[in-house]
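Taking it in order: structure first as structure tokens, then the write-up.
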Amino acid sequence: MEIIRAEGVHYNYYNRFPALIDVSLGISKGEKFAIIGSNGSGKSTLLQILSGLLFPSQGRVFFHNNELSEKSLREKDFLRFFREKVGFVFQDSDIQLFCPTVLDELLFGPLQLGLEKEAALERVNEIMQMLKIETLKDRPSYMLSGGEKKRVAIGSVLTMNPEVLLLDEPTSGLDPKTQVFLLELILALNEAGKIIVIATHDLSLVDELQARVAVLSEEHRIEKIGTAEEILRDEALLLKVNLIHEHVHYHGQTTHTHIHSHYLFHRH
Amino acid sequence: MRNKIPPFLLTNPSSLPPERGGGKVSMSYIDKGIESFAGILKEGYAQWESASGKGFFYELDTRIKVVFWLFFILVVSLKKEILPELSIFFTVFVILLLSRVNLVTFYRKVFLLGFIFGFLISLPSSLNVITHGEVIFPVITLPKAYDFWLYHIPGVIGFTAEGVSVVSMLTLRVINSLSLSFLILYTTPFPEIIKALKVLKVPDAFLIIISLTYKYIFIFARIVADMHLAKKSRLAGALKSAEARDWIAGRIAFIFKKTQLKCDDVFKAMVGRGFSGEIKLYQYQKITGRDWGLGFFLLTLGSLILWV
């Protein structure tokens, strides 16, 4: 059963610059789904449309067979249902963290959903333990490192217990240890039944997640949808959408040229 | 990691969509404010795109355009007769036609602003209470005329021929000033206009401050719009007024901090690229013969209008 469905979605920025052209896809219960493409291909825009933050200029998006539109998201009951079910983690954690302290940040969501303060605090404590951020609870967000901010941003969404977790470039700008932590967390959440949707151009992340993949071209169209293995082995496709490239580097004293993809060649 | 997932995350509460058609969440003043703020980005892109077109006035050197604009604004302010004002209106119209600017969008803006700031504001001055003269359109008839201290209220209050002439003149001058300014804005990207101010001997340091400020408006508008989306993604209903005010206060503090950091970063980037206190802007290339010719023609035309 498809939980999220996009049908012929078009989106233009400032009514001028196309960001998405005729995009259709469906995401099912418990699925891991990755939207990949080069910079400016429209990944983040698509993710924001799927989360009801932007609305297509043409085409329709459905969540549990209910159309997402400005009108439907003004209905109190549907808005609450949708925001409870769908969590969005932004690429820039700074813009997402707006409460005075980490604790307030984590409490914001559950209190919005009408949970009693004790129940909300219990949730927050459990999330803090899972994300190892208990020691940060009284700190303001501007006193956190990049990795800590990302953990808090994810925690602020997880305390709402969403069914769908949308993550925009989740590993960008994070150190390797935090990246591994995040990857394990995403896999564990998916095993716990959450739908994971990520937008990324990191092919190794797609490989690690073994997600179903939609490839966006530089012309802002869906080029192909397939399994991680199908997509990652399709060298011609990855070259066409600019996700791999010709690469020159040294091996000892000799230079060496090949098509470069950390997944296809180095597997690191 | 798997063992550490809290039990509440393994549950799936209220999985059925609600019955549709419940109460509505009204659009808050924050939404409305941020929507119009996001309009700045749209306007900026639209200005840059429309001003980068091809056509007669688009291709003219920006320095010539700036001098043309200043000279003609001066002529508009000095002349007090209808004929020269109409000539300027017609000149701008011909330039627009030759440059293939969209006349409908152009004049819609000019006439709307001209109507508000020219006609409506000056309209009361055409009444015989302010401008004496022959009443051509009576509005109120009083039983008798009244006099107190310096003031004289006539028996018939109405619009005078002299007043109407003054209002038409003022409206035409406002419309001309607006169309000259919009002509420049519609045919020249804003950063080019800033650079061209160099021809008026505006110091480089001042120009770089204007250009950094102009650029920051866009960065600022984008941060605000993104923050609003981030908040929206975690809101399951409408915010109470007090909460909304808290959010705004918190965000103002955040933007202030971020602006300070950005300011430091920009300064470091300038130092890293050789800035040592003295600003040197890129010198314009030479003005071509065609531009000199056109500039001379426009200057002669302006002088003629001034002389008539």
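Of note:
- Test: residue in segment A:32-52 that is farther than 25 Å from B:ALA225 by Cα and over 18 Å from the mean Cα position of the chain (by Cα): no
- Counting residues in segment B:183-201 that are more than 22 Å from the chain's Cα centre (by Cα) and in a loop (DSSP other than H, G, I, E, B) gives one or more.
- Hits in segment A:54-76 - residues which are within 12 Å of chain B (Cβ to nearest Cβ), touching a strand residue (DSSP E or B) at 6+ places or on another chain (Cβ under 7 Å) and of a type outside the set (S, T, N, Q): A:LEU54, A:PHE62, A:PHE63, A:HIS64, A:GLU67, A:LEU68, A:ARG74, A:GLU75, A:LYS76
- Only helices (runs of 4 or more DSSP H) whose full extent lies in segment A:86-132 are considered here, and the ones with at least 3 residues that are more than 9 Å from chain B (Cβ to nearest Cβ) and buried (at least 20 other Cβ atoms within 10 Å of the Cβ) are A:102-112, A:117-131.
One line per residue, one yes/no per condition, for (1) more than 30 Å from A:GLY109 (Cβ to Cβ); (2) assigned to a loop (DSSP other than H, G, I, E, B); (3) more than 9 Å from chain A (Cβ to nearest Cβ):
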position	(1), (2), (3)
B:SER211	yes, no, yes
B:TYR216	yes, no, yes
B:ILE223	no, no, no
B:ASP226	no, no, no
B:ARG234	no, yes, no
B:ALA249	no, no, yes
B:LYS258	no, no, no
B:LYS262	no, no, yes
B:LYS268	yes, no, yes
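- Condition check for A:LEU238: under 21 Å from A:ASP94 (Cα atoms) and more than 15 Å from the chain's Cα centre (by Cα): no
Here is a yes/no grid of residues against (1) more than 32 Å from the chain's Cα centre (by Cα); (2) under 23 Å from A:GLU75 (Cβ atoms); (3) loosely packed, with under 13 Cβ neighbours inside 10 Å; (4) not basic (Lys, Arg):
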site	(1), (2), (3), (4)
B:LYS232	no, yes, no, no
B:LEU235	yes, yes, no, yes
B:SER241	no, yes, yes, yes
B:ILE252	no, no, yes, yes
B:VAL266	no, no, no, yes
B:GLY274	yes, no, yes, yes
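- In segment B:121-161, the residues that are aliphatic (A, V, I, L, M) and free of Cβ contacts under 8 Å to residues at least 12 places away in the same chain: B:ILE121, B:ALA145, B:LEU150
- Counting the residues of segment B:71-92 that are part of a helix (DSSP H, G or I), loosely packed, with under 15 Cβ neighbours inside 10 Å and touching a residue at least 60 places away in the same chain (Cβ under 8 Å) gives 5.
- All of A:THR178, A:THR159 fail the test of being closer than 14 Å to A:LEU131 by Cβ, at pLDDT below 90 and either within 14 Å of chain B (Cβ to nearest Cβ) or surrounded by 21 or more Cβ atoms within 10 Å (Cβ to Cβ) (or both), apart from A:THR178.
- When B:PRO138, B:PRO143, B:PRO124 are checked against the criterion of being surrounded by 11 or more Cβ atoms within 10 Å (Cβ to Cβ) and outside any strand (DSSP E or B), B:PRO124 stands alone in meeting it.
- Residue within segment B:205-213 that is touching a residue at least 60 places away in the same chain (Cβ under 8 Å) and surrounded by fewer than 13 Cβ atoms within 10 Å (Cβ to Cβ) present: yes
- Only one of the listed residues (B:ILE287, B:ILE217, B:ILE305) is under 24 Å from B:ALA196 (Cβ atoms), in contact (Cβ under 8 Å) with a residue 60 or more places away in the chain and surrounded by 17 or more Cβ atoms within 10 Å (Cβ to Cβ). That residue is B:ILE305.
The values are calculated or read from the model by the stated rules, or taken from the named source; none is laboratory data. The shown structure was predicted, so the numbers you read here are calculated from the model rather than taken from an experiment. We place every Cβ from the backbone using ideal geometry, glycine too, and count neighbours over all the protein chains shown.
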